Amino acid sequence: MEVAALGRPFSLGMLYDCRNDSLVPGITLWDHEDLKKNIGERPQSYNNFDIVASESIEDKSSALNVEASLKASFLGGLVEVGGSAKYLNDTKTSKNHSRVTLKYQATTKFQELSMNHLGRDNVDHPYVFDQGIATHVVTGILYGAQAFFVFDREVSVNENYRDIQGNLKVIIKNIPSLSIEGEGSLKMEDKDKANDEKLSCRFYGDFFVQKPPTSFQEAVEVYQSLPKLLGANGENAVPVKVWLLPLTYLDSTAAKLVRQISIGLVEECQSVLEDLSDLEMRFNDALRNQTAQQFPQIGKKLKTFKRKCSQFKLEFQRNLAKKLPSIRGGGEEEAVLAGELRKTCSSPFNSKDLNEWMDCKEREIYTVISLTDMMTNTKIVSSQTDLYKESFKAEQAVCFVFTSLGRDEPYLSTLSNYLQQTPKPDDAQDPHPPDQWYNSRREMEAMRHKAKLFSDFAETNKENKNITFLTVGLTNETQKGASIYLYTDGLSVNENFEPSSKPAAVTGSDINHNSVTLKISPRRFGAEDITSYSVEYCVRGEDGWKQETASRAEEVTVSGLSPNTEYRFRCRAETPVGAGPANEVSGSIQTLPCSPPGKLHVESTSRLISVSWKKPAELGQDVQVLSYIVEYAKPDHQVKEEDLHWEQMMAGAEKAIISGLQPETEYAVRVRCDCGAAGRSKESIAVNVRTTTRAHLKEFLKSKSKRSNSESPSVYKLPLTEEDMEVNGCRRRPTPTSSRGDQSFRRPMS
């Protein structure tokens, strides 16, 4: 039977108890002098190196040539390892570490007992067989030494774990071929040196080194010195493998190993402990997370969970250490161990439930991180005492509170009851109850909404020294998930405060040459707290924002603007606590190119309206008035001015005559400027005028005629149609043509 020495002080002739894999020092079958005689010895020189990339118990046991039965004893804590075998106890503490191990092994000689020791009647102390303290005797030892260089590198969130692991394997595999240049520096490429600086090293070996290596370069130096450390003749070698002979070969009455533990059960035990080790890495990573430190409620639950798992692991190993010797010695059947494993799988400490609870905690942590990452200009405080202290530093303190982090976890109570062997019928078996705040879509949507309001409010008021913004975890059963607290002078005044949000919409409703009227749709949340609106504007392409304060009215007019200029506008609500975030008008707004034409002057006849006006008082830069648009319409008091049916005519100068009108009719007249590509001005103030009655023939004829010249005097051409008509009792005598001169009329005789 062969077993790995694992750093234990074996010597030829030493007794060994395979029931608990322990050495029996001080008691032997032979005298010391007889043992030293007739020992066989032969050289067995060998050395090699290998890469161990996995950190599983199976792979580490394989690297040390530990067979299944001895591995079971190690898992149960029956075997205390030393030297290079301490590598078995080295486990990763974080899943964010990439690890590669370099193994070096060498052998020097093999020693064994001879038949002079093992022959019949050659035992000096046969009474030892009757004591039942051992099952085997050491009959052969292979000497040598082993060393393990464990290299770790932390993998950041921006790095790919597989890539780092692959690069690390390549670097470590090249260690035996590296050379050391002058001044002790390694001959390597610059990119490899940069990676090596991120490596840490731990050394486990059967060699005596004055200073264990902690860096990559120190590891290379120690590695290259290992052959010398064995000694010129291998005098520093230690047992690496031993051969055991059952005592029943020497005396049938001796204690014996009745049965070995089956490989299947050993692997099940190994699986339980490996799952716990993996879980330990997960809650170590979670505890190292800054969020678990900033919010003690999370850290406290993780520490409780870790403590319960550690207690269960110790209890499992203690039970294993008790069962193994009994089964091997025949005191109990192997089925007892199988029953213990089934009990573990059905307990609250089964791997599935433990990992699901960790899944929930990690989800909770990541959810808190996602919410706190939204918050700028915010300080995270860890306790209510710190919250009070910070709230006194400003007139107002607005605090985002995670209210459910400290809620009781029934599953943790179930774990405690199981360890205390006091299970209760109502113990929670589900590690992730559905009422957790981070499992509720509705709660999460509400929390994200509150976090967005809080974040926008904090960002808007970052320059306001009278307000401080905080985040904390406090248990509040009435506010599930999260709430926003408001403190004034250090005292809580509102535990469900709703910060000001941006106005729902801001649009330009009336645009002039020097002003813009904005229509403001009130914000959806906290509208009752609005005291005023702050309107900010700047010329497009510039950064200098100007500000105007307006009342709570839904329309705000910004005056004093320049004509023909593009402006950006934004608006925010003002509250007693602070200003809300701004809502910016989509796109820019361009003011009109010029002011409306000046005051209108109108004169009317029965069919004509003569209108004149002044040039616009204000023109935008590089703006020219190309023409004027004269508009006229019949007023209707039941219709708004802009909805009237307006007729248009163009004018090249600041006057125009509107013809073809109806007598004794009221008209509204207005004028605006046409500035070509720059656009049109606002309409002038409309002037109402009424046409006169047809009191004079001259006016009537002018209305029916067409002017045929542009000089003075004016000449009109009458139509050549004959018709009878009366004007003030006179009948016209038709003539073929007529000019502006006097016409002949005759009054009928009475």
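Annotation for the range 685-702: no member residue is loosely packed, with under 12 Cβ neighbours inside 10 Å, modelled with pLDDT of 90 or more, of a type in the set (A, V, I, L, M, F, W, C) and in a strand (DSSP E or B). Checking each residue in the range 579-608 for being at pLDDT 90 or above, outside any loop (DSSP other than H, G, I, E, B) and either out of contact with any Leu (no Cβ under 6 Å at 6 or more places or on another chain) or among the polar types (S, T, N, Q) (or both) picks out I589, Q590, H601, V602, E603, S604. Could you run through the range 587-599 and say how many residues are surrounded by fewer than 20 Cβ atoms within 10 Å (Cβ to Cβ) and in contact (Cβ under 8 Å) with a residue 12 or more places away in the chain? Of the residues in that region, 4 qualify.
Suppose we filter the range 390-425 for residues that are under 23 Å from Q293 (Cα atoms), small (G, A, S) and in contact with a helix residue (DSSP H, G or I) (Cβ under 9 Å, 6 or more places away or on another chain); how many remain? Quick ask: steps written out before the conclusion?
Going through the range 390-425, the residues under 23 Å from Q293 (Cα atoms) turn out to be 390-391, 397-413.
From what is left, the residues that are small (G, A, S) are 391, 397, 404, 406, 413.
Keeping just the survivors that are in contact with a helix residue (DSSP H, G or I) (Cβ under 9 Å, 6 or more places away or on another chain) gives 397, 404, 406.
The qualifying residues number 3.
Considering A134, A147, the condition of being small (G, A, S), part of a strand (DSSP E or B) and over 37 Å from the mean Cα position of the chain (by Cα) is satisfied by A147 alone.
Within the option set G119, G144, G83, being surrounded by fewer than 17 Cβ atoms within 10 Å (Cβ to Cβ), in the same structural domain as T28 (by TED's automatic domain parsing) and within 30 Å of I39 (Cα to Cα) holds for one residue only, G119.
Against the numbered list (1) assigned by TED's automatic domain parsing to the domain that holds L6; (2) modelled with pLDDT of 90 or more; (3) over 28 Å from D206 (Cβ atoms), S252 comes up short only at (2). Yes or no: the range 492-504 includes at least one residue that is surrounded by fewer than 20 Cβ atoms within 10 Å (Cβ to Cβ), more than 32 Å from the chain's Cα centre (by Cα) and among the polar types (S, T, N, Q). Scanning the range 492-504, I find no residue that is surrounded by fewer than 20 Cβ atoms within 10 Å (Cβ to Cβ), more than 32 Å from the chain's Cα centre (by Cα) and among the polar types (S, T, N, Q), so the answer is no.
Tally the residues that are in contact (Cβ under 8 Å) with a residue 40 or more places away in the chain and more than 14 Å from M447 (Cβ to Cβ), restricting the search to the range 358-403.
The total comes to 28.
When Q638 is tested against (1) part of a loop (DSSP other than H, G, I, E, B); (2) closer than 26 Å to A677 by Cα, only condition (2) is not met.
Is there a residue being modelled with pLDDT of 90 or more, assigned by TED's automatic domain parsing to the domain that holds S84 and of a type in the set (F, W, Y) anywhere in the range 152-167? Scanning the range 152-167 turns up no residue that is modelled with pLDDT of 90 or more, assigned by TED's automatic domain parsing to the domain that holds S84 and of a type in the set (F, W, Y). Say whether the condition of being without any contact (Cβ under 8 Å) to a residue 40 or more places away in the chain, in contact with a Phe, Trp or Tyr (Cβ under 8 Å, 6 or more places away or on another chain) and not assigned by TED's automatic domain parsing to the domain that holds K95 is met by at least one residue in the range 297-318. Yes, the conditions are met somewhere in the range 297-318.
Tell me, yes or no, whether the range 24-41 has at least one residue that is over 24 Å from P325 (Cα atoms), part of a strand (DSSP E or B) and assigned by TED's automatic domain parsing to the domain that holds H125. Quick ask: steps written out before the conclusion?
The first filter runs over the range 24-41 and keeps only residues over 24 Å from P325 (Cα atoms), leaving 30-41.
Applying the additional criterion that residues be part of a strand (DSSP E or B) yields 40-41.
Applying the additional criterion that residues be assigned by TED's automatic domain parsing to the domain that holds H125 yields 40-41.
The answer is yes; a qualifying residue exists.
Residues in the range 43-84 that are under 42 Å from the mean Cα position of the chain (by Cα) and more than 25 Å from R259 (Cβ to Cβ): D50, I51, V52, A53, S54, E55, S56, D59, K60, A63.
Taking into account only those residues within the range 620-661 that are among the basic types (K, R) and surrounded by 12 or more Cβ atoms within 10 Å (Cβ to Cβ), which is nearest to the chain's Cα centre (by Cα)? Even if it seems obvious, please write down each step before you answer.
The initial filter retains those residues of the range 620-661 that are among the basic types (K, R), namely 634, 640, 655.
Next, from what is left, pick out any that are surrounded by 12 or more Cβ atoms within 10 Å (Cβ to Cβ): 634, 655.
Details: K634: 66, K655: 69 Å.
So the residue we want is K634.
Residues in the range 35-47 include at least one that is surrounded by 16 or more Cβ atoms within 10 Å (Cβ to Cβ), closer than 19 Å to P246 by Cα and at pLDDT below 90.
The values are calculated or read from the model by the stated rules, or taken from the named source; none is laboratory data. Predicted model only: the values in this text are computed from it and were never measured. Reconstructed Cβ throughout: ideal geometry from the backbone, glycine too, with neighbour counts over all protein chains shown.
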